[in-house]
Amino acid sequence: MTQFLSKTKITRYFSAAMMMMLLLIMAVPMSTIGQDATGAKTGTFNDIDTTASKVVDTLSKAKDTTVAGVSASVNKLAAAVTTVANADGHNKIAINIMWTLITGFLVMFMQAGFAMVETGFTQKKNVAHTMTMNFLIYAIGMIGFWICGYAIMFGGALNVANLGGSAGVISHEITVHLFGHDWNIAGSAGYFLSSKYYDVGIFTLFLFQMVFMDTTATIPTGAMAERWTLKSFVVYGFFISMFVYPLFGNWVWGGGWLATLGTNFGLGHGHVDFAGSSVVHMVGGVAALAGAIVIGPRYGKYGKDGSVKTIPGHNIPMAIIGTFILAFGWFGFNPGSTLAGGDLRIGIVAVNTMLASGAGALAALFYMYIKGGKADPGMIANGLLAGLVAITAPCAFVTSLSAVIIGAVAGILVILVYNFVDKKLKIDDPVGAFAVHGANGAWGVLSLGLFADGTYGDGWNGVAGNVKGLFYGDAKQFLAQCIGTVTCFVFVFGVMYFFFKLLNKVIPLRSKEADEIAGLDIPETGVHGYVD
């Protein structure tokens, strides 16, 4: 055969065959036009290292643009390569979706933990009422988030690459142009998860983010427990899930203006919150503070002489078990926020989460001993939860030593803030919701701005390079964290305080004094939590 083909011709035919193979691979659709409700077409070779851009680059360097006489074997090879590559890409997305769903299920189970903690820390006569609020908020928040909360929060960022990119789905963000920059305010796509958004990636993201939202919504049930009417509570549940949480969430996680502080103003990577110290916990904690102020203290909590009466919880074992459930669920909360089972940083995230919780519990214990007190199990539990809240934002960006420091500070901070709110401000918060979630949510995002060590986060919020805090040379990142923290408090407190005041005029927030004294189980739910 070589007598008929020169060496030059053999090289030319080989080059032509390789080019044809690349052209055939390029001819395979990268994604399905429209939604993918089955997931069968989600994930292609474009989701792995053999990216389309590399193929395009290879083709652009080729001299010959036409191919003739390519054998059938080359076509089969091209088809085989494409099939294997697409299967690999599909499996990558499948792993990410499975990981995101499983961790979302863990976060959903945290609702049981919240119910047990809050009920255990409150009085026996209100057990059915407190449990009902924690149960109802799951259903209320879910439907409210489905109606418009998800669209407002993620309508401008529905195409999450880790979950397949949601091919064919058009995202839309409401933007205001001021001072030479675009300020993204809210999403406006995905209402009711309509047929336009019937896609596996979008539905997966909805589930994961819905259970996060429900964590926020359930926090005020502890601060306003034992005197909150269920009818007004139902209205609150829809309001926070449909508007308040989604708006701030959009600003941080949906491509909103806090996320773009880096690209627009050079402030590090913008406001960074890996898993929700501000988006989830601070929003819930600040809303709880506003509600506790408006609704007022429980009957008999504060004397006319300024004295403070301790109203003990009825079931410490229940509260402690609930705390363990929350700690377990946090392994979904934080590692799951990668939205990618293939992101091996999840190991770092999980260990940092665990260490911060232990440091928080021990710091609370040692602080009580140093102050001459005893080992109050309620405060130890709150110390552990405070450590978890604080590490939620920086868990992916810090070393284990930093995680322990962050958790230890949180364990002490929760006691200081609880005592200040309870004894100085005379704001009745039965479970310490603001101290745990509000104050330590703020500490969490600020600690990221201090301790982020520059080993993770390349490309976060569209900024090249890893995330670094003040202690590692980036003061601007800390400034971005400060801006986000102040914005969260001002926005959430202002809106929720006004909302509770207005709602109170339409549907009274506060139960009748006689009902509160006797217990809210029968007046509000019609059944006793316990039958003696």
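Data overview
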read-out	value
From the options Phe135, Phe145, Phe105, Phe109, residue that is over 22 Å from Thr338 (Cβ atoms) and among the aromatic types (Phe, Trp, Tyr)	Phe135
Helices (runs of 4 or more DSSP H) enclosed by segment 422-532 - at least 1 residues per element that are among the basic types (Lys, Arg) and closer than 23 Å to Pro297 by Cα	475-506
Test: Ala189 is more than 23 Å from Ile97 (Cβ to Cβ) and in the same structural domain as Trp460 (by TED's automatic domain parsing)	no
Helices (runs of 4 or more DSSP H) within segment 187-301 that include 1 or more residues under 28 Å from Leu470 (Cα atoms) and at pLDDT 95 or above	245-253, 261-265, 283-295
Some residue of segment 61-78 being assigned to a helix (DSSP H, G or I), crowded, with 20+ Cβ neighbours inside 10 Å and at pLDDT 75 or above	no
Which numbered condition Thr455 misses (of (1) over 25 Å from the mean Cα position of the chain (by Cα); (2) over 26 Å from Thr216 (Cα atoms); (3) in the same structural domain as Asn126 (by TED's automatic domain parsing))	(1)
Tabulated pairs, segment 185-206, first touching a residue at least 12 places away in the same chain (Cβ under 8 Å) and among the β-branched types (Val, Ile, Thr), second assigned to a strand (DSSP E or B) and crowded, with 17+ Cβ neighbours inside 10 Å, C-beta under 8 angstrom, 6+ apart or interchain	Ile185/Glu173
Test: residue in segment 478-492 that is surrounded by fewer than 17 Cβ atoms within 10 Å (Cβ to Cβ), free of Cβ contacts under 8 Å to residues at least 12 places away in the same chain and β-branched (Val, Ile, Thr)	yes
Segment 380-407, residues that are aliphatic (A, V, I, L, M), surrounded by 24 or more Cβ atoms within 10 Å (Cβ to Cβ) and assigned to a helix (DSSP H, G or I)	Ala381, Leu384, Leu385, Ala386, Leu388, Val389, Ala390, Ile391, Ala403, Ile406
Members of segment 302-342 that are part of a loop (DSSP other than H, G, I, E, B) and over 18 Å from Gly432 (Cβ atoms)	Gly303, Lys304, Asp305, Gly306, Ser307, Asn334, Leu339, Ala340, Gly341, Gly342
Subset of segment 466-491 that is small (Gly, Ala, Ser) and under 15 Å from Val252 (Cα atoms) - its residue that is farthest from the chain's Cα centre (by Cα)	Ala480
One residue from Tyr150, Tyr138 being surrounded by fewer than 22 Cβ atoms within 10 Å (Cβ to Cβ), in the same structural domain as Leu193 (by TED's automatic domain parsing) and assigned to a helix (DSSP H, G or I)	Tyr138
Evaluation of Trp257 against (1) under 26 Å from Met108 (Cβ atoms); (2) surrounded by fewer than 24 Cβ atoms within 10 Å (Cβ to Cβ) (one fails), failing number	(1)
Verdict on Gln123 being at pLDDT 95 or above, more than 24 Å from Val244 (Cβ to Cβ) and touching an Asp or Glu at 6+ places or on another chain (Cβ under 8 Å)	yes
Looking only at segment 113-142, and only at residues there that are within 18 Å of the chain's Cα centre (by Cα) and not aromatic (Phe, Trp, Tyr), the one that is nearest to Val527 (Cα to Cα)	Ile137
Condition check for Ala157: under 16 Å from the mean Cα position of the chain (by Cα) and in a loop (DSSP other than H, G, I, E, B)	yes
Any hit, segment 454-462, residues being in contact with a strand residue (DSSP E or B) (Cβ under 6 Å, 6 or more places away or on another chain), buried (at least 17 other Cβ atoms within 10 Å of the Cβ), of a type outside the set (Lys, Arg) and within 28 Å of Leu384 (Cβ to Cβ)	no
Scope segment 161-178; condition of a type outside the set (Val, Ile, Thr), surrounded by 19 or more Cβ atoms within 10 Å (Cβ to Cβ) and not in a helix (DSSP H, G or I); matching residues	Gly164, Gly165, Ser166, Ala167, Ser171, Glu173
Options Gly444, Gly432: the member that is within 21 Å of the chain's Cα centre (by Cα), assigned by TED's automatic domain parsing to the domain that holds Val283, surrounded by 21 or more Cβ atoms within 10 Å (Cβ to Cβ) and closer than 27 Å to Pro335 by Cα	Gly444
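One line per residue, one yes/no per condition, for (1) surrounded by fewer than 17 Cβ atoms within 10 Å (Cβ to Cβ); (2) in contact with a Cys (Cβ under 9 Å, 6 or more places away or on another chain):
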{"residue": "Asp182", "(1), (2)": "yes, no"}
{"residue": "Ser188", "(1), (2)": "yes, no"}
{"residue": "Tyr191", "(1), (2)": "no, yes"}
{"residue": "Ser195", "(1), (2)": "yes, no"}
{"residue": "Phe206", "(1), (2)": "no, no"}
{"residue": "Val211", "(1), (2)": "no, no"}
{"residue": "Asp214", "(1), (2)": "no, no"}
{"residue": "Ala217", "(1), (2)": "no, no"}
{"residue": "Ala223", "(1), (2)": "no, no"}
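The values are calculated or read from the model by the stated rules, or taken from the named source; none is laboratory data. Not measured: the values here are computed from a predicted model. All Cβ positions, glycine included, derive from the backbone under ideal geometry; neighbour counts span all protein chains shown.
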